[in-house]
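J.: Structure provided below as C-alpha cells; questions to follow.
The numbers here are math on the coordinates, done by the rules we state, and not lab data. As the structure is a computational prediction, the values presented were derived from the model and not from experiment. Here the Cβ positions follow ideal geometry from the backbone for every residue, glycine too, while neighbour counts run over all protein chains shown.
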Amino acid sequence: MKVLVAAKRVVDPNVKVRVKSDGLGVELANVKMAMNPFDEIAVEEAIRLKEVGKADEIVVVSIGPAQAQETLRTALAMGADRAILVKVDDQLEPLGVAKVLKGVVEAEKPGLVILGKQATDDDSNQTGQMLAALLGWSQGTFASKVVLEGNIAKVTREVDGGLQTVELKLPAIVTTDLRLNQPRYASLPNIMKAKKKPLDEKSPADFGADVTPRLKVLKTEEPGGRKAGVKVKTVAELVDKLKNEAVVL
Ligand code: AMP
C-alpha cells in the first residue's frame, strides 16, 4: 500500500514570530523555517507502517515555495521514498491546499493519506477534513494510535476528556495528534542518501486545482504584553489581594 504524507514548511516553532510592518501577516524574511511538527509525526507514522510491512511506498508532498524542498529532503532523510513539491509563490489557504492534495491523491492513488492535525503557523486544523470531504473518504482526525488490519484502519482519537476509537475503511485520511509517536532524527548517512531520492516539481495547474484565495487578511496583531507580577510579603497580604484585587475568593 502506498502512503501519502503532507508536510508543510512553517516558521520554526522555537522562533518568536513577528508581525510584518504592514500588519497583514508575519515576517518570513530571514526567519528559520522547519517542517510543521505534526507533519514530522505524520512522516514518522508512515515510516513505522512501512517498517512493519503495512506500507510499501511513502510519498511526501509539500505545497510551497522552492525552499519547501528542504522540508521534503528532511522527510526523505527520515525515510520517505519519494517527494513532490507543488510550487506556489504565495501561502495557500487550507481549501487551496486540499484541492491540490486531491489532485495528488487522484494521480498517486494512495491507500492512506496522513496529514498533521494543524499547521503551527495558521492553526487552521482544516486541510485534512476538507481533503476527506473533497474525496468523499473517511477520516480519523487527532489520531493518537493507528492500527491497520487488512482493508480497515482503527484510529484512536484524542477527544475532550478521553479517547475514541473509530474504524475506517481504506482508503482514508488520518490527521496526527501530538502523542501518536516521537519522530526520529535523520542520521547523517540518511541525509546524504536523501539527496539522491526522487523529488518531482509540479504546479497546482498540473492537478487542475483552482487555488484562488477566498479570504482577505484584515489585520494581524501581536498578543498583548503580560502585566508584571508582584511579590507579597505575608500570607495575609496574599489573601487580601486575592479577595480585593483579583476578586477570586
Ligand atoms: P492546517 O489545516 O493549515 O492547520 O494544516 C493541517 C495539515 O495539512 C498540516 O499539518 C499538513 O499536513 C497539511 N498542510 C497544510 N498546508 C500544507 C502545505 N502547504 N503543504 C503540505 N501540507 C500542508
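J.: How many of the residues in the stretch 59-107 are part of a helix (DSSP H, G or I), within 10 Å of the ligand (Cβ to nearest atom) and over 20 Å from ALA46 (Cβ atoms)?
T.: Matching residues across the stretch 59-107 total 3.
J.: Within the stretch 108-124, can you find the residues that are under 14 Å from the mean Cα position of the chain (by Cα) and either touching a residue at least 60 places away in the same chain (Cβ under 8 Å) or more than 10 Å from the ligand (Cβ to nearest atom) (or both)?
T.: Within the stretch 108-124, VAL113, ILE114, LEU115, GLY116, LYS117, GLN118, ALA119, THR120, ASP121 meet the criteria.
J.: Would it be correct to say that SER203 is hydroxyl-bearing (Ser, Thr, Tyr) and either farther than 30 Å from THR220 by Cβ or within 13 Å of the ligand (Cβ to nearest atom) (or both)?
T.: So SER203 fails the test.
J.: Let me ask something additional. Working carefully through the options GLU149, GLU158, GLU167, find the one that is at negative phi, away from the ligand (no atom under 15 Å from the Cβ) and in contact with an Asp or Glu (Cβ under 6 Å, 6 or more places away or on another chain).
T.: Of GLU149, GLU158, GLU167, the one residue that is at negative phi, away from the ligand (no atom under 15 Å from the Cβ) and in contact with an Asp or Glu (Cβ under 6 Å, 6 or more places away or on another chain) is GLU158.
J.: When the residues of the stretch 19-55 are narrowed to those that are in a loop (DSSP other than H, G, I, E, B) and within 15 Å of the ligand (Cβ to nearest atom), which ends up surrounded by the most Cβ atoms within 10 Å (Cβ to Cβ)?
T.: ASN36
J.: What are the pairs, 6+ residues apart or on separate chains, where a residue within the stretch 89-104 that is farther than 18 Å from ASP200 by Cβ and of a type in the set (Lys, Arg) has its Cβ under 6 Å from a residue that is more than 8 Å from the ligand (Cβ to nearest atom) and assigned to a loop (DSSP other than H, G, I, E, B)?
T.: LYS99/ALA209
J.: Also, I was wondering about something else. Out of curiosity, is LYS16 within 15 Å of ASP122 (Cα to Cα), away from the ligand (no atom under 16 Å from the Cβ), free of Cβ contacts under 8 Å to residues at least 24 places away in the same chain and not acidic (Asp, Glu)?
T.: In short, yes.
J.: Still on this structure, I have one more. Read through the list (1) in contact (Cβ under 8 Å) with a residue 40 or more places away in the chain; (2) closer than 20 Å to ASP56 by Cα, then give the number of the only condition that LEU85 fails.
T.: Unmet for LEU85, out of (1) in contact (Cβ under 8 Å) with a residue 40 or more places away in the chain; (2) closer than 20 Å to ASP56 by Cα: (2).
J.: All but one of (1) within 23 Å of the chain's Cα centre (by Cα); (2) surrounded by 11 or more Cβ atoms within 10 Å (Cβ to Cβ) hold for VAL217; state the number of the condition that does not hold.
T.: Unmet for VAL217, out of (1) within 23 Å of the chain's Cα centre (by Cα); (2) surrounded by 11 or more Cβ atoms within 10 Å (Cβ to Cβ): (2).
J.: Identify all residues within the stretch 158-198 that are assigned to a strand (DSSP E or B), touching a Lys or Arg at 6+ places or on another chain (Cβ under 9 Å) and either within 20 Å of ILE58 (Cβ to Cβ) or of a type outside the set (Asp, Glu) (or both); write none if there are none.
T.: Result: LEU163, GLN164, THR165, VAL166, LEU168, THR175, THR176.
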